[in-house]
Amino acid sequence: MISPEYEEFATRDLSELDIVYLFVDGVYEAVRRYTRGQAILCAWAILSDGTKTIVHLEAAASESEASWEAFFENLLGRGMAHPLLVISDGGPAVIAAILKCLPQSKRQRCIAHKLRNLSSKMPLEAREQLLAEIKSIYYASDKEAAELLATRFVDTHAQKYPSVVKCLNDDLDACLQQLSFPLAHRKFIRTTNLLERAFVEEKRRTKIIPAHVNERGAIKLVFGSLIRASASWRRVAMTQLELAQLRTLRMTMCPNEKESETISQSPSDWRHDPLPIYTNFGTRPYPAYTL
């Protein structure tokens, strides 16, 4: 039986969470009846008060587009509003699901994953120089400056390093979305590193188990490990100026929406029927897992 703590966590109302930034990623656990491992899909968020909180995690057969769509529909069906920004790796399945299920949100591709992809295409003797130039693009002062630097990089290196240039151009706009957000927030939203570090802690705890008997055992242990790891997460400062900037950005993204005190966007273009399994939960956020 799944623990009551996880059951309550996985069915709680999400409508009171004012999510500004939503981070999603997956981790695999060894389960005896899954030859390639049991996928655990995870989401955590930064709220408008600066709180970092785990939003949801659930077991899936794989990180397929259908699995990610079901994951996001679960969140939306429980009342989650559209965040301003969704951060993920470059997996085609999760990207397709974000575009389909969260069309009002901007999408940021994890820079750490992207830099690893780029580095693998570079000759060793040129790697340091090329990475420095590419980092100057991702860490530019604003999106316009980044696009100018990217154009110069392409013009300079297209003939000599075509695979690097092709990789840079692939999903470039998603790599630069963080530059539209408050400067102090960018170091938090460029990557999924916080979740990656939580996964490292979770793997340290679960590696002593050769294989879980079933997905319930896997989800319970991952849930407990990630909750423990999240206990050390610090708040992100949200000044009045930064909140004003976020509200302005929200209005530019959804000009037809009414002005609101919240930062997250009501999914006005969506009509989600209540999911049967979630019809009896309360209206409060889950306090034990909101730091």
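The values are calculated or read from the model by the stated rules, or taken from the named source; none is laboratory data. Given the structure is predicted, the values throughout are model-derived calculations rather than measurements. Using ideal geometry, Cβ is built from the backbone for each residue, glycine included, and neighbour counts are taken over all protein chains shown. Only protein heavy atoms, including side chains, enter the accessible area calculation; ligands, DNA and RNA are left aside. Shrake-Rupley method; radii C 1.70, N 1.55, O 1.52, S 1.80 Å.
From largest to smallest, what semi-axes in whole angstrom does region 116-158 give when each is the square root of 5 times an eigenvalue of its alpha carbon gyration tensor?
Working: eigenvalues 75, 25, 12 Å².
They are 19, 11, 8 Å, listed largest first.
For a quick size check, give me the Cα extents of region 12-102 along its three principal axes, largest first, whole Å.
Largest to smallest, the principal-axis extents are 42, 23, 22 Å.
So how do 266, 88, 120 rank on accessible area, 1.4 Å probe, biggest first, that is with the largest at the start?
Values: 266 60, 88 0, 120 90 Å².
Largest to smallest exposure gives the sequence 120, 266, 88.
Order of 127-133, 89-95 by packing, highest average Cβ count within 10 Å first?
Working: 127-133: 13.7, 89-95: 17.3.
Ranked from most to least packed, the peptides come out as 89-95, 127-133.
Report, to the nearest whole %, how much of the accessible area of region 1-133 belongs to carbon and sulfur atoms, 1.4 Å probe, protein only. Display every interim value, and only then the final one.
Values: 2480 of 4800 Å².
Solvent-exposed carbon and sulfur of region 1-133 make up 52 percent of the total.
Which order do 113, 185 take when ranked by solvent-accessible area (1.4 Å probe, heavy atoms of all protein chains), largest first? Don't jump to the answer; show the numbers that get you there.
Working: 113 40, 185 0 Å².
So, going from the largest accessible area down, we get 113, 185.
Over 24 Å between Cα atoms: which of 114/143; 187/220; 114/160 fall into that group?
Working: 114/143 17 Å; 187/220 31 Å; 114/160 20 Å.
The answer is 187/220.
Would you mind checking which residues have amide H under 5 Å from residue 107's amide H? H placed 1.01 Å from N; only 5 or more apart, or other chain.
Counting only residues 5 or more places away or on other chains, the set is 86.
Give me a comma-separated list of calculated 3J(HN,Hα) values for region 259-266, in order, Karplus coefficients 6.51, -1.76, 1.60 applied at θ = phi - 60°, integers in Hz, x for any Gly or Pro.
Using θ = phi - 60°, the values come out as 4, 9, 6, 7, 8, 5, 10, 5 Hz.
Provide the per-residue ³J(HN,Hα) series for region 58-63, in order, calculated from phi with Karplus coefficients 6.51, -1.76, 1.60 and θ = phi - 60°, each as a whole number of Hz, with x at glycine and proline positions.
Computed from phi, the couplings for region 58-63 are 8, 7, 8, 5, 6, 8 Hz.
Report the full-extension gain for the segment residue 5 to residue 252: residue separation times 0.36 nm, less the Cα-Cα distance, to one decimal in nm. All intermediate terms of the calculation are to be shown ahead of the outcome.
Working: separation 247, 0.36 × 247 = 88.92 nm, distance 3.94 nm.
Contour length minus Cα-Cα distance gives 85.0 nm.
Give me the one-decimal nm value for the distance between modelled label points at residue 129 and residue 28, 7 Å along each residue's Cα-to-Cβ direction.
3.8 nm
Give me a comma-separated list of calculated 3J(HN,Hα) values for region 146-161, in order, Karplus coefficients 6.51, -1.76, 1.60 applied at θ = phi - 60°, integers in Hz, x for any Gly or Pro.
Ordered by residue, 3J(HN,Hα) equals 5, 5, 5, 5, 5, 4, 5, 4, 4, 4, 7, 10, 4, 6, 7, 10 Hz.
If Lys and Arg each add +1 and Asp and Glu each add -1, what is the summed charge of the other residues whose beta carbon sits under 12 Å from the beta carbon of residue 243? Walk me through the numbers before you get to the answer.
Working: positive: 247, 250; negative: 18, 49, 242, 261.
So the surrounding residues net to -2.
Can you tell me which of 19-28, 44-53 comes out highest on packing, and rank the rest after it, using the mean Cβ neighbours within 10 Å? Before the final figure, lay out each step's value.
Numbers: 19-28: 24.3, 44-53: 20.2.
Packing proxy ranking, top to bottom: 19-28, 44-53.
Debye sum, Cα scatterers, region 80-173, no solvent: what log₁₀ I/I(0) at q = 0.14 1/Å?
With one equal scatterer per Cα and no solvent, log10 I(q)/I(0) is -0.56.
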